[in-house]
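Colleague: Okay, here's the structure, questions in a sec.
Every read-out reported here was derived from the displayed coordinates using simple, explicitly stated rules and does not represent laboratory data. Here the structure is a predicted model, which means the values were calculated and not measured. Don't worry about glycine lacking a Cβ; one is built from the backbone with ideal geometry, like all the others, and counts go over all protein chains shown.
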Amino acid sequence: MEAGPTRAHAGGSEPDGDGTPRTRIQEKNRARILEAALGTFSRFGYRGARVDQIAEDAGMSKSNLLYYFGSKSEIYKAVLADLLDRWLAPLRTLDPDGDPRAELTAYIEQKLRFSADYPEASRLFANEMLQGAPMMRDVLEGPLKTLVEEKSQVLRHWAESGRIRPVDPTHLIFLIWATTQTYADFAPQIEAITGSGIHDEAFRRQALQSLSDLIFSGLLPRA
């Protein structure tokens, strides 16, 4: 049975739009909506997706869905924000005191796993970028830019301490994004050529080894 919305505070965690803490049921329903919306937007795009289809995929009524999100654009922005948060989580873990090869290999591995576990998410985000990021421009120029600048300092620190060769940190980050996300964004092409894909663990290990070797062949200081 569909759980109806409530404003009760019991078990609340993150605040709702009006500052009221969400209950566990509200958090669960919100997650259901975002998961269903990801699939719907991935299949039909923003223009082709319908709120009633998202509600049906989430297993709830349209009126109940609109309690949590007031419009299709609000749902879409929430899906993209959730994706971006998960997408950037591995980058936040780069440790300036860690070993560069271990840190970057772990980052590449997490990015490959994201492409394997959430291919629809990667493709939806890529499509938003191809459209000029109309719904995400403020986020890209705000939190994303800030995080990239912060982690660029980690890469500069490694270079200054002689642990990696000097390299433009933003272009290195762009390179890792491009090489890891292509396994989700161009999955049919990759599967047609190789007969496999990033969902296969052995294939993913091979991709990780190849990418880390290529990147570090250019990053490690020359003897």
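Colleague: Could you state the number of Å between the C-alpha centres of the stretch 85-163 and the stretch 32-62?
Modeller: What the calculation gives is 27 Å, centre to centre.
Colleague: Here is a further query. Using a Gaussian network model of the chain with C-alpha springs under 10 Å, which one of 192, 58, 133 is most mobile by mean-square fluctuation?
Modeller: 192
Colleague: Turning to a different aspect of this structure: Could you give the dipole magnitude of the stretch 134-223 about its Cα centre, charging the beta-carbon of Lys and Arg +1 and that of Asp and Glu -1, in debye to the nearest 20?
Modeller: For this selection, approximately 340 debye.
Colleague: What ranking, highest mean first, results for peptides 178-186, 69-77, 92-100 when packing means the other Cβ atoms within 10 Å averaged over each residue?
Modeller: Going by the mean number of other Cβ atoms within 10 Å, highest first, we get 178-186, 69-77, 92-100.
Colleague: Next question, about the same structure. Against the longest principal axis of the chain, how steep is helix 169-185, in degrees 0 to 90 to the nearest 10, with axes from Cα atoms?
Modeller: Tilt of helix 169-185: around 60 degrees.
Colleague: Right, another one. To the nearest 10 degrees, how steeply does helix 24-48 sit against the main Cα axis of the chain, on a 0 to 90 scale?
Modeller: 70
Colleague: Output the 0 to 90 degree angle, nearest 10, between the alpha-carbon long axis of helix 72-92 and the longest principal axis computed from the alpha carbons of the chain.
Modeller: Tilt of helix 72-92: around 30 degrees.
Colleague: To make sure I understand the rule: partners must be lysines, Cα under 27 Å from the Cα of residue 111, and not fewer than 8 residues away in the same chain. Which ones qualify?
Modeller: 28, 77, 145, 151
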